[in-house]
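Asks: Got a structure for you, written out below as structure tokens; questions coming shortly.
The values are calculated or read from the model by the stated rules, or taken from the named source; none is laboratory data. From a predicted model like this one, the values you see are computed outputs, not experimental measurements. So basically every Cβ, Gly included, is an ideal-geometry build from the backbone, and we count neighbours across all protein chains shown.
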Amino acid sequence: MLPVPERFTLVAGTGEGASILNAFDHALMSAGVADLNLIRVSSILPPGCRRFEAVKLPPGALLPAAYACVTSDVPGEVISAAVAVGRPSRAAGVIMEFSGRTTLANAQAAVVAMVREALCSRYGSETDSEIEVAGVEHTTQRMGCAFAAVALWYDPGDAGAGDAGAGGPGWRGGAAAAGGEKGR
């Protein structure tokens, strides 16, 4: 069983490739999570989870993530992916994802509306919640991908990562594609 995540990072990236899978891989590289094994999860942010700028896990680590992804093989087509996190002050948060053949502005508006509805249905209001959004827009050249995620992770030292944890052999931190408060 994986530990309950203590940290989260919003990431987003785009990519082009000779195949759809290569475009997806390039989008993961752009988002800073290509060297990790993504585990797709549903949309709950654990209470007390802190935001960090970058995912810092050893290559090959398992990374739970709620993500949106869209691919296209139509040159000139605009594709976008976005995620949003709603964090109430004293409860579990919610994560929503959206991707499609649309602009980034439309994708971001869709995920924010979904987060607001989820917060209202769970807690009766969204007024005491902070909402954060990350997303990307991409114009396809040959085969393209837009990817956005909320990565849910934990201190590698707390998860039995041993010598392969932060700073261990072969370890490299990832890069976030969204700004915000940096956890410590």
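Asks: Kindly provide the set of residues from the stretch 85-107 that are among the small types (Gly, Ala, Ser), surrounded by 15 or more Cβ atoms within 10 Å (Cβ to Cβ) and closer than 15 Å to GLU137 by Cα, ordered by number.
Replies: SER99, GLY100, ALA107
Table: residues versus (1) touching a Lys or Arg at 6+ places or on another chain (Cβ under 7 Å); (2) at pLDDT 95 or above.
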residue: ILE44; (1), (2): no, yes
residue: CYS69; (1), (2): no, yes
residue: ILE79; (1), (2): yes, yes
residue: PRO88; (1), (2): no, no
residue: GLY100; (1), (2): no, yes
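Asks: Just to be sure I understand, how many residues within the stretch 61-113 are assigned to a loop (DSSP other than H, G, I, E, B), under 23 Å from ILE39 (Cβ atoms) and touching a residue at least 60 places away in the same chain (Cβ under 8 Å)?
Replies: So the answer is 1.
Asks: Can I ask one more? Restricted to the stretch 66-118, and to residues that are of a type in the set (Ser, Thr, Tyr) and over 18 Å from SER42 (Cα atoms), which residue is nearest to the chain's Cα centre (by Cα)?
Replies: If we filter the stretch 66-118 for residues that are of a type in the set (Ser, Thr, Tyr), which is where we start, we get 67, 71-72, 80, 89, 99, 102-103.
Adding the requirement that they be over 18 Å from SER42 (Cα atoms) leaves 71-72, 80, 89, 102-103.
Working: THR71: 16, SER72: 20, SER80: 14, SER89: 21, THR102: 19, THR103: 18 Å.
Only one residue tops the list, namely SER80.
Asks: Name the residues in the stretch 1-16 that are part of a strand (DSSP E or B) and either within 14 Å of the chain's Cα centre (by Cα) or free of Cβ contacts under 8 Å to residues at least 40 places away in the same chain (or both), would you?
Replies: Hits for the stretch 1-16 are ARG7, PHE8, THR9, LEU10, VAL11, ALA12, GLY13, THR14.
Asks: For the stretch 22-42, give me the residue count where each residue is within 30 Å of SER89 (Cα to Cα) and either part of a helix (DSSP H, G or I) or at pLDDT below 95 (or both).
Replies: Qualifying residue count, the stretch 22-42: 2.
Asks: Please determine, by comparing only the residues of the stretch 43-53 that are assigned to a loop (DSSP other than H, G, I, E, B) and touching a strand residue (DSSP E or B) at 6+ places or on another chain (Cβ under 6 Å), which one is nearest to THR140 (Cα to Cα).
Replies: SER43
Asks: Quick check on my filter: what residues within the stretch 17-39 are within 21 Å of SER72 (Cα to Cα) and without any contact (Cβ under 8 Å) to a residue 40 or more places away in the chain?
Replies: Within the stretch 17-39, LEU21, ASP25, MET29, ALA34 qualify.
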